[in-house]
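The values are calculated or read from the model by the stated rules, or taken from the named source; none is laboratory data. On a predicted model such as this, the values are computed, not experimentally measured, just so you know. Glycine gets a Cβ as well: all are built from the backbone with ideal geometry, and neighbour counts include every protein chain shown. When the accessible area is computed, the model is the full protein with side chains, heavy atoms only, and any ligands, DNA or RNA have been set aside. Shrake-Rupley method; radii C 1.70, N 1.55, O 1.52, S 1.80 Å.
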Amino acid sequence: MTEVVLVSCSKSKREGVHRAADLYGPSDIFQKRRTFSRREGDYWGVLSGKYGYLRPWEAVPDYEMHRSERSDVWAAFVLRDLLPDLDYWGADRVTILAGKAYVDPLLAELEAEGYDVLDYNRGLRPGERKAALKEANQPGKQGTLTEVEA
């Protein structure tokens, strides 16, 4: 099974232009999501409120934008860029480490395209998300963050 992990961006960003994998580096939760995605996924990417779907190596300038400022067509832009990558990588599963505002606009369309979609944050409050990721990122804990725990 080929798994792609999508992690949400964060408010904390480094100043200037950085790879998407590094831009959100000041954020503790983003670092935990990135660590998890690198361990668990075959591929990973970032869901940005401003830029949509970002590949980790893409250069992105810092920005200030709240997710509530996203365009109504945000999901269409994400899917336009994401679906070809999923197809190219032969993905079977898409795991999303993001809040409801990022997951909900994508979920039905990804499932309609035939992907098994796992929302690890479903039902967890922000502090619980962070604790679950911290636990899942412990040595020897690979694969222990499951949909049941979420």
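Points to keep in mind about this one:
- With the highest mean first, a sort of the peptides 37-46, 50-59 on other beta-carbon atoms found within 10 angstrom per residue produces 37-46, 50-59.
- LYS134 - accessible surface, heavy atoms, 1.4 Å probe, Å² rounded to 10: 120 Å²
- Accessible surface area normalised per residue over the range 1-116 is 49 Å², counting heavy atoms of protein chains with a 1.4 Å rolling probe.
- With N the number of residues in the range 15-115, Rg(Cα) / (2.2 N^0.38 Å) evaluates to 1.04.
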